[in-house]
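To keep things clear, I will list the structure first and then write my remarks on it.
The values are calculated or read from the model by the stated rules, or taken from the named source; none is laboratory data. A quick note: this is a predicted structure, and the numbers were derived from the prediction, not measured. All Cβ positions, even for glycine, are placed from backbone atoms using ideal geometry, and neighbour counts span all protein chains on display. With ligands, DNA and RNA removed, areas are computed over all heavy atoms of the protein, side chains included. Shrake-Rupley method; radii C 1.70, N 1.55, O 1.52, S 1.80 Å.
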Amino acid sequence: MNDDKVYIFDTTLRDGEQSAGIAFTREDKIEIAKQLAKLNVDIIEAGFPATSPGDLDAVASIAREVKGPVIAGLARAVPDDIDAAWEALKDAESPRIHVFLSTSDIHMAHQLRKNREDIIEMARAGVAQAKGYVSDVEFSPMDASRSDTDFVYQILEAAIEEGATTINIPDTVGYAIPEEFTAFIQSIYDNVANIHKARISVHCHNDLGMATANSIAGVLGGARQVEGAINGIGERAGNTSIEEVIMSIATRSDLMNVYTDVNHVELYPASKLVERLSGMQVQNNKAIVGRNAFRHSSGIHQDGVLKMRETYEIMSAESVGQPTGESIVLTKVSGRHGLSARLEDLGIDLETIDLDKVFVAFKDVADRKDEVDDRDLIAIISEHTSFDFDEVWTLDLVQVSTTDHGRPTATVRLIDSEGNIFEDAAVGEGPVDAIYNAVNRVTGAQNTLTEYSVKSVTEGINAQGEVTIRIETGSGSYMGRAADPDILVASTRAYIHAMNRALNDAGTL
Ligand code: KIV
Ligand code: ZN
């Protein structure tokens, strides 16, 4: 199997979610999966159903609701995982079970404590079991790039014999170098007798910053599926940024003679969506989707681009869905129409937000800033997604008094879902601690604050501060986020945001 199409396998919702600090809700996952379907990726790896009932449920919801791409679920080569994957995928239009098993000596000896014969047997049994459920089975020898190549050939042949239709070569720890990875993929064609019955895929991690280069090297070696995540999120330094692979193939088709079926203009909206829901910010100079990817700063470059765009651009902002220029500048005199248009440009589905609330929050920020830019809007949206949960508590007032002699005091006034007003005050070690103590006194909440971070959304003295927190309650771990030009107000709202999520989930804190 070696035609000219490269299949795009998106693992934002599985490997991407394995990034430290990311935990998508089920609704987040469905929204991302729908955007991936708009992007027209070929396969969405929706999760790893055996890891938790929540993940199984999210994969099952995507399997039911998202049409178009193949929906894949990951499973170790053990019976319970494969059963869980099938349970989650059974309603999908086109389900795929992705079975993986480590093949490097270091993983087999120290992690699995199994010998090569055991591993081949497990791979055979796992693929055969998955094949009993679905015709579309992918097999991955984990840590392939550090495995004995003859052993990889042997296990691939066995997996294909059992019915695997895709065999994926993971560079699990981002160890490969492009030239050697091309040669490795080519060698599979020469050493695996039944390889013509399967498609070769590559799955690269970015530990040495070479994930995209290695993925393209894999394609040059004959791989016809590439795995990656939007914005390159994933374990450690992340996965291949799938947008980089897609645009490399589109831009250098002259060299590679391959294509994808991806709808490129949905890349930027997908990136913004994942950035917003993951809370993991895209760096300004990130290829394809970064804020500066199509901005020119030096006089010589500006001059060239104004005369002819192609002088300094190898693709256009429009082709990847990046907004071009500042045609709509949002300020305090802007209306709902301008705001809605800008939100839609950012890939935000207006159905999923409460536009009235977003408009009020936008006006509040615009009153305190000359211009509200895309980063401000994303910060506002992150806080005001309406599908997510009901607001059990809302903030009416917060007032803090700090001093360098003694402890700060905070007063908060909160409104419950029936409109009742409650007010209380507390002291704390610092102003945020005082606020959180006062909120706890009003709500009776018992929880532990495990993470707190504040960052500036944009440049400038009047920039909004975005506060992200995580709390642990008896029922789990909940993230809260809010942005405001006053970081103490943002801290209060972020805390209430997290508490409301927890209350919706568990009914009590
Ligand atoms: O990096 C890896 O090896 C994986 C496998 C599960 C494919 O994510
Ligand atoms: Zn991986």
Next on the checklist: Suppose the filter is away from ligand 1 (no atom under 15 Å from the Cβ) and not in a loop (DSSP other than H, G, I, E, B); does K67 pass it?
Outcome noted: no
Next on the checklist: Please count how many residues of region 364-405 are open to solvent by 60 Å² or more (accessible area, probe 1.4 Å) and modelled with pLDDT under 90.
Outcome noted: 11
Next on the checklist: Can you pull out every residue in region 1-29 that is part of a helix (DSSP H, G or I), open to solvent by less than 20 Å² (accessible area, probe 1.4 Å) and either touching a Cys at 6+ places or on another chain (Cβ under 7 Å) or not charged (D, E, K, R) (or both)?
Outcome noted: G16
Checklist entry - Going through region 339-352 one residue at a time, which ones are open to solvent by less than 10 Å² (accessible area, probe 1.4 Å) and outside any loop (DSSP other than H, G, I, E, B)? => result L339, L343
Checklist entry - Which of the residues spanning region 134-151 are of a type outside the set (A, V, I, L, M, F, W, C) and surrounded by 17 or more Cβ atoms within 10 Å (Cβ to Cβ)? => result D136, E138, S140, P141, D143, S145, R146, S147
Next on the checklist: Can you pull out every residue in region 10-24 that is away from ligand 1 (no atom under 12 Å from the Cβ) and modelled with pLDDT of 95 or more?
Outcome noted: D10, T12, L13
Checklist entry - If we scan region 428-450, do we find a residue that is within 29 Å of D367 (Cβ to Cβ) and in a strand (DSSP E or B)? => result no
Checklist outcome for this item: Note on H110: of the conditions (1) touching a helix residue (DSSP H, G or I) at 6+ places or on another chain (Cβ under 8 Å); (2) away from ligand 2 (no atom under 16 Å from the Cβ); (3) open to solvent by 10 Å² or more (accessible area, probe 1.4 Å), unmet is (1)
Next on the checklist: I'd like the full set of residues that are open to solvent by less than 50 Å² (accessible area, probe 1.4 Å), touching an Asp or Glu at 6+ places or on another chain (Cβ under 8 Å) and without any contact (Cβ under 8 Å) to a residue 60 or more places away in the chain, limited to region 174-194.
Outcome noted: F181, V192, N194
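Rundown of residues vs (1) open to solvent by 50 Å² or more (accessible area, probe 1.4 Å); (2) farther than 29 Å from K38 by Cβ, yes/no style:
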| residue | (1), (2) |
| --- | --- |
| V66 | no, no |
| V70 | no, no |
| N115 | yes, yes |
| A123 | no, yes |
Next on the checklist: Taking the conditions exactly as written (over 23 Å from S104 (Cβ atoms) and either touching a residue at least 60 places away in the same chain (Cβ under 8 Å) or in contact with a Pro (Cβ under 8 Å, 6 or more places away or on another chain) (or both)), does L267 satisfy them or not?
Outcome noted: yes
Checklist entry - Could you count how many residues in region 213-254 are more than 16 Å from ligand 1 (Cβ to nearest atom) and either modelled with pLDDT of 95 or more or under 26 Å from E31 (Cβ atoms) (or both)? => result 18
Checklist entry - Can you name the condition, by its number, that T473 falls short on among (1) closer than 30 Å to R368 by Cα; (2) surrounded by 14 or more Cβ atoms within 10 Å (Cβ to Cβ); (3) hydroxyl-bearing (S, T, Y)? => result (1)
Item to check | Near pairs, Cβ below 6 angstrom, 6+ apart or cross-chain, from region 126-146 (closer than 16 Å to I195 by Cα) to any residue that is modelled with pLDDT of 95 or more and assigned to a helix (DSSP H, G or I) | outcome: V127/A159; V137/V127; V137/A130; V137/K131; F139/V127; F139/A159; P141/V152; P141/I155
Checklist entry - How many residues are under 23 Å from E31 (Cα atoms) and in contact (Cβ under 8 Å) with a residue 60 or more places away in the chain when one looks only at region 351-371? => result 1
Checklist entry - For the subset of region 157-200 comprising residues that are part of a loop (DSSP other than H, G, I, E, B) and under 19 Å from D105 (Cα atoms), which member is nearest to ligand 1 (Cβ to nearest atom)? => result T172
Checklist entry - What is the one condition in (1) touching a residue at least 40 places away in the same chain (Cβ under 8 Å); (2) closer than 22 Å to L36 by Cα that E344 does not satisfy? => result (1)
Checklist outcome for this item: Going through region 139-153 in order, the residues found to be away from ligand 2 (no atom under 12 Å from the Cβ) and either in a strand (DSSP E or B) or not charged (D, E, K, R) (or both) are F139, P141, S147, T149, F151, V152, Y153
Checklist entry - Right, D356: in a helix (DSSP H, G or I), over 22 Å from Q281 (Cβ atoms) and among the acidic types (D, E) or not? => result yes
Checklist entry - Do you know which residues across region 406-440 are aliphatic (A, V, I, L, M) and surrounded by 14 or more Cβ atoms within 10 Å (Cβ to Cβ)? => result A410, V412, L414, I415, A425, A426, V427, V432, A434, I435, A438, V439
Item to check | Residue, nearest to ligand 2 (Cβ to nearest atom), within region 211-240, restricted to residues that are under 16 Å from V258 (Cβ atoms) and in a strand (DSSP E or B) | outcome: E227
Checklist entry - more than 21 Å from T12 (Cα to Cα) and open to solvent by less than 40 Å² (accessible area, probe 1.4 Å): does that describe L355? => result yes
Checklist entry - Of the residues S52, S104, which is away from ligand 2 (no atom under 16 Å from the Cβ) and hydroxyl-bearing (S, T, Y)? => result S52
